[in-house]
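Note sheet for the following structure.
The values are calculated or read from the model by the stated rules, or taken from the named source; none is laboratory data. Please read all numbers here as calculations on a predicted model, not as lab measurements. Positions of Cβ are generated from backbone atoms using ideal geometry, with glycine treated the same way; all protein chains shown enter the neighbour counts. For the accessible areas, the whole protein counts, side chains as well, though only heavy atoms, and no ligand, DNA or RNA atoms are used. Shrake-Rupley method; radii C 1.70, N 1.55, O 1.52, S 1.80 Å.
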Amino acid sequence: VGGVESYFLLDTGASNIVIDRKIERELLLSGSIKREDYLDESTYIMANNESVVAQNVILREIKVGNYTVKNVKAAIIDGGSLLCGQSFLESFSKWEINKFNKTLTLYK
């Protein structure tokens, strides 16, 4: 994400990418997030039914394998897990998960 290497959990039920404050800080220091990239706040319902308020931000660039996706909406959640959700997956015409060889295949 913006040149900062991170490992995310693929969560097809998550509406957006989720990052925590640590990754936000790294992205700010690297210049990958700027003041104008911040959006409004939203309330999200987590998998455990907990409501949390998150700061929304546009991530200018996410690289996965050979693909680069630009301008992806993400939610910044205090203490949140790093999740890769639909705001990233919707950038592709199709994607498949193979549970036997544990791979994600993305189709542009």
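Summary of values
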{"quantity": "Those lysines that a straight Cα-Cα span of less than 26 Å connects to K99, excepting residues fewer than 8 apart in one chain", "calculated": "K63, K108"}
{"quantity": "Burial ranking of peptide ranges 87-93, 18-24 (average Cβ count within 10 Å, highest at the top)", "calculated": "18-24, 87-93"}
{"quantity": "Principal axis dimensions, the chain - Cα atoms, whole angstrom, descending", "calculated": "38, 33, 21"}
{"quantity": "Charge dipole (debye, nearest 20) of the chain; +1 at Cβ of Lys and Arg, -1 at Cβ of Asp and Glu", "calculated": "420"}
{"quantity": "Solvent-accessible area per residue for the chain (1.4 angstrom probe, square angstrom)", "calculated": "64"}
